[in-house]
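Please treat every number below as a calculation from the coordinates, not as lab data. As the structure is a computational prediction, the values presented were derived from the model and not from experiment. Counting neighbours? That spans all protein chains shown, and the Cβs are built from the backbone with ideal geometry, glycine included.
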Amino acid sequence: MNGSGILEYPSGAKYEGEFLNNMYHGQGTYHFPDGTKYIGTFHENRLEGEGEFTDGQGLEWTGIFHNRAAPGLKLKLNM
């Protein structure tokens, strides 16, 4: 698949965004089965680049992601 689309999994996970050669690639949103969410850049199915992660408590974290590592995330405060 190439272009934009939505892919839903039986686990409850869902990806909405850009695809390239059947992979998450470009801007997108990934909803994890546990209710957490990542919004940002993907590169060949990996979280890669600027993004925002919402944890299970609803706290939003922003920063640079490299696959599963995200050193230096900052808590986003909504004031």
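Coupling constants for segment 61-67 follow from the phi torsions by the Karplus curve (6.51 cos²θ - 1.76 cosθ + 1.60, θ = phi - 60°), and in residue order they are 10, 10, x, 9, 10, 10, 6 Hz; glycine and proline get x. Here the Debye sum runs over all C-alpha atoms of the chain as equal scatterers in vacuum, and log10 of I(q)/I(0) at q = 0.14, 0.16, 0.17, 0.27 Å⁻¹ comes out as -0.44, -0.57, -0.64, -1.30.
Any idea what the dipole of the chain comes to, in debye rounded to 20, about its Cα centre with Lys/Arg Cβ at +1 and Asp/Glu Cβ at -1? Dipole about the Cα centre, nearest 20: 140 debye. Computed packing ranks the peptides 13-21, 36-44, 69-77 as 36-44, 13-21, 69-77, most packed first, by mean other Cβ atoms within 10 Å. A straight line joining the Cα centroids of segment 35-68 and segment 4-29 runs 14 Å.
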